[in-house]
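> Take this structure first; my questions come after.
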Amino acid sequence: MTYRTPGVYVEEISVFPPSVAEVETAIPAFIGYTEFAKKDGADMEDPDPIAISSLKEYEEHFGVACVEAADAFSIIINEKHDAADAIIGYELISWGPTDKISHFNLYYSMKLFFDNGGGKCYVVSAGLYSENAVDDDKLISATAKVKSLDEPTLIVIPEGAPLGIAKYIPIAQAAINQCAEMKDRFAILDVPIAAPKKKFEASDITEFRKLSGDADHIRYSASYYPYLKSTITYSTDMGALELATVKKNGVDDAANVLKGKKLGEIQSTNNSAYHAILSELKGKLKVVLPPSPAMAGIYARVDSSRGVWKAPANVSVQSVSGPTQILTDADQGDLNMDSVGGKSINVIRSFSGRGTIVWGGRTLDGNSNEWRYINVRRFFNMVEESVQKSTVWAVFEPNTKNTWVMVKSMIENYLITKWQQGALAGAKPDDAFYVKVGLGVTMTADDILNGIMNVEIGMAVARPAEFIVLKFSHKMQVS
């Protein structure tokens, strides 16, 4: 300031370095098919990603679940008779989706996401239910739209896995490649299951592990297995449902008048039977979903309650009755550790007294000492982006010691906070991280002449205790 007039002048002197503003860590982008795609009440011809924070907002922009066709379910009912052969009731023996079931599961996936702790997210409509089928190429095209957004940190494509492994591999590859290129997001993948089954089959994993990609790419993703039996009910016209088989006291009864009939037809001829069968079916046609939407919600829940440095594992999955397959320790051993390709598969298991638990926390780069764990990769993502955005002020500042000290102090103050919160390992800050910048340290005179300021940051991120070994021995009697 030039002083030309007598008087008292006030100047404020900044003594604190700039601070690092931390970016969000769990804002997923969901890609899938919707009932419609509206923005400001008008249909979008080429839908843009839309940010939402609740299921109500989703319904305003994208509608509700697709109503399943009448032949989408195979329903078997048992007609109970007493000793005098009089009908005394009905019970549901089994039900299951047929090959007519649609793959439009995005609406159900959003419910599972919010039920498991999810909050703000983005949704990209790849197409509408009126197209009658999910197109893998459209899912890939819709995924590319997320690239233009800065906020999303997770990519979730729950309608990809039900298409089968052949179509899912390119979809997963597109998500992984985007994450590796942007370096600020992480892909949550599903392992496609060839057909509904109760027992683990290694062939599902073998096919999935054919997913290509070097370690620089797959470290930005994690995969989960198996599917989940949710507590969410399919949207369907109950009156149009058809009874595939009717048994009599547990024995096939080919002559039963109800066999092959729709519930609506039964209502018009036998109202009591209709209501009895309806009460058996109501609330039992539950949706089976890939695990990725639940995991996106769990990532958000763990990040908000503990921090992104806490592995999203050993936590319960909400709104599910269990996984579709029961796995043993032996089954999981080969999934958790892949000695050939290193593609670790995280398992969701059911434990007695504990419920459904996420029992794995590895990235697909499971053999890497640096990027083996999801929390390590995502913590680095957060710090890298946060520091990058917070150092923009230094662009075109003098490349001198004063600027270097301010940048170093800013980053160190931020990392000390992370160390105090438990994100970094070490008895003292010097053990937990280092920040280097300066002439002869990270830069040469030629770097400075070319306008380059190099800052080197090292962090000892806390790693999860994946294997806890308790050793016991007999103590000799001494008295």
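The values are calculated or read from the model by the stated rules, or taken from the named source; none is laboratory data. On a predicted model such as this, the values are computed, not experimentally measured, just so you know. Here the Cβ positions follow ideal geometry from the backbone for every residue, glycine too, while neighbour counts run over all protein chains shown.
> Spot the failing condition for VAL15; the list is (1) surrounded by 16 or more Cβ atoms within 10 Å (Cβ to Cβ); (2) under 30 Å from THR417 (Cβ atoms); (3) among the aliphatic types (A, V, I, L, M), and only one is missed.
(1)
> From (1) more than 18 Å from the chain's Cα centre (by Cα); (2) surrounded by 15 or more Cβ atoms within 10 Å (Cβ to Cβ), pick out the condition that doesn't hold for ALA51.
With (1) more than 18 Å from the chain's Cα centre (by Cα); (2) surrounded by 15 or more Cβ atoms within 10 Å (Cβ to Cβ) applied to ALA51, the lone miss is (1).
> Within segment 422-461, count every residue that is closer than 27 Å to PHE396 by Cα and outside any strand (DSSP E or B).
The qualifying residues number 17.
> For segment 198-208, indicate whether the set of residues that are of a type in the set (D, E, K, R), surrounded by 14 or more Cβ atoms within 10 Å (Cβ to Cβ) and either outside the structural domain of GLY355 (by TED's automatic domain parsing) or touching a Lys or Arg at 6+ places or on another chain (Cβ under 6 Å) (or both) is non-empty.
no
> Exactly one condition in (1) without any contact (Cβ under 8 Å) to a residue 60 or more places away in the chain; (2) within 23 Å of ASN132 (Cα to Cα); (3) surrounded by fewer than 17 Cβ atoms within 10 Å (Cβ to Cβ) is false for LYS38; which is it?
So the condition that LYS38 fails would be (3).
Let's see how each residue does on (1) under 23 Å from PHE186 (Cα atoms); (2) surrounded by fewer than 20 Cβ atoms within 10 Å (Cβ to Cβ); (3) free of Cβ contacts under 8 Å to residues at least 40 places away in the same chain:
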residue	(1), (2), (3)
LEU112	yes, no, no
GLY117	yes, no, no
VAL124	yes, no, no
LEU128	no, yes, no
ASN132	no, yes, yes
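> Picking from ALA187, ALA254, ALA222, which residue would you name as being assigned to a loop (DSSP other than H, G, I, E, B) and either modelled with pLDDT under 95 or assigned by TED's automatic domain parsing to the domain that holds ILE169 (or both)?
Criteria check complete, one pass: ALA254.
> Here's something else I'd like to know. Would you confirm whether or not segment 99-110 contains a residue that is assigned to a helix (DSSP H, G or I), of a type outside the set (Ser, Thr, Tyr) and either surrounded by 17 or more Cβ atoms within 10 Å (Cβ to Cβ) or touching a strand residue (DSSP E or B) at 6+ places or on another chain (Cβ under 9 Å) (or both)? Explain how you work it out, then say what you get.
Step one: filter segment 99-110 for residues assigned to a helix (DSSP H, G or I), giving 106-110.
Filter again for of a type outside the set (Ser, Thr, Tyr), leaving 106, 110.
Retained after the next criterion (residues that are either surrounded by 17 or more Cβ atoms within 10 Å (Cβ to Cβ) or touching a strand residue (DSSP E or B) at 6+ places or on another chain (Cβ under 9 Å) (or both)): 106, 110.
Yes.
> Checking SER53 against (1) within 19 Å of TYR108 (Cβ to Cβ); (2) in the same structural domain as TYR274 (by TED's automatic domain parsing), which single condition isn't satisfied?
If we test SER53 against (1) within 19 Å of TYR108 (Cβ to Cβ); (2) in the same structural domain as TYR274 (by TED's automatic domain parsing), just (2) comes out false.
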